[in-house]
Structure formats: structure tokens, C-alpha cells
Amino acid sequence: MAMTDLSFGVRGNCGMCKNAIEKAANSVDGLARANWNVDKKKIDVSFDGTKTDAMSIHKAIPASGYDTENVEGNEAYSSLPGCCQYEHEMMQNQSGETN
Ligand SMILES: [Cu+2]
């Protein structure tokens, strides 16, 4: 069985983020391996290309509250622990507006 390897950016801050991001990726059918690096803000995944594709993984991760480099903006983010929302709060402060 041929595995496809892929690496892409996912926003997150801490070990709790790492667990949630990897769990979300692993929930995709056909996913063989997921490893998110907190320093690089990148996830490495291996998956069975006959069962899933890159876009399905990009969509599965934001469903848990974490944005990827291709998919962002989701309801789940606001229910994450405060430590995990740091980067979004910074963006709001820079704009000087509240939602
Ligand atoms: Cu976190």
C-alpha cells in the first residue's frame, strides 16, 4: 500500500494543542501517522491516498479548533483553553477592533 507524505502549517501553542491537532488528524480515515511540531508549527502526516486526500485532512484539523495554512476561521476555536488561543487574540489586538 502506497503512503502519501505531506507537511503543512497548523497554528498552535503548546503540548495540549499538539495532542488535539494530532488527534483530529488521526480521526481521518486512511491516516497512518501524524506528528505536529510545536516549534515549526507544522504537521507531518502519512496517509493512504486511496482513502483520503490532503484537503480532507486540512478540513478535519480546524474542526477541532486549530487553523491550518489553507483552512481557517471556525467556531471550535473559541472553546479552546486560553493558552491555545494566544495567536488569535494577538491578531484582534493589532486590528484594534472587537468582533
Ligand atoms: Cu495549547
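Taking (1) away from the ligand (no atom under 14 Å from the Cβ); (2) at pLDDT 95 or above in turn, ALA2 satisfies each apart from (2). Here THR68 clears all of (1) modelled with pLDDT under 95; (2) more than 16 Å from the ligand (Cβ to nearest atom) except the condition numbered (2).
Of all residues in region 12-41, which are in a loop (DSSP other than H, G, I, E, B) and not hydrophobic (A, V, I, L, M, F, W, C)? Listed by number, the residues that qualify are GLY12, ASN13, SER27, ASP29, GLY30, ASP39, LYS40, LYS41.
Look at (1) touching a residue at least 40 places away in the same chain (Cβ under 8 Å); (2) within 16 Å of the ligand (Cβ to nearest atom); (3) under 12 Å from the mean Cα position of the chain (by Cα) and you find that TRP36 fails only one, number (1).
To keep it simple, each residue is scored yes or no on (1) at pLDDT below 90; (2) over 18 Å from LYS23 (Cα atoms).
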position: ASP48; (1), (2): no, no
position: MET55; (1), (2): no, no
position: ALA76; (1), (2): yes, no
position: MET90; (1), (2): yes, yes
position: ASN99; (1), (2): yes, yes
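Which residues, taken from region 10-33, are closer than 21 Å to PRO81 by Cβ and more than 16 Å from the ligand (Cβ to nearest atom)? First the steps, then the outcome.
Of region 10-33, the ones closer than 21 Å to PRO81 by Cβ are 10-27.
ASN26, SER27, listed by residue number.
The values are calculated or read from the model by the stated rules, or taken from the named source; none is laboratory data. Keep in mind it's a predicted model, so treat the numbers as computed, not measured. All Cβ positions, glycine included, derive from the backbone under ideal geometry; neighbour counts span all protein chains shown.
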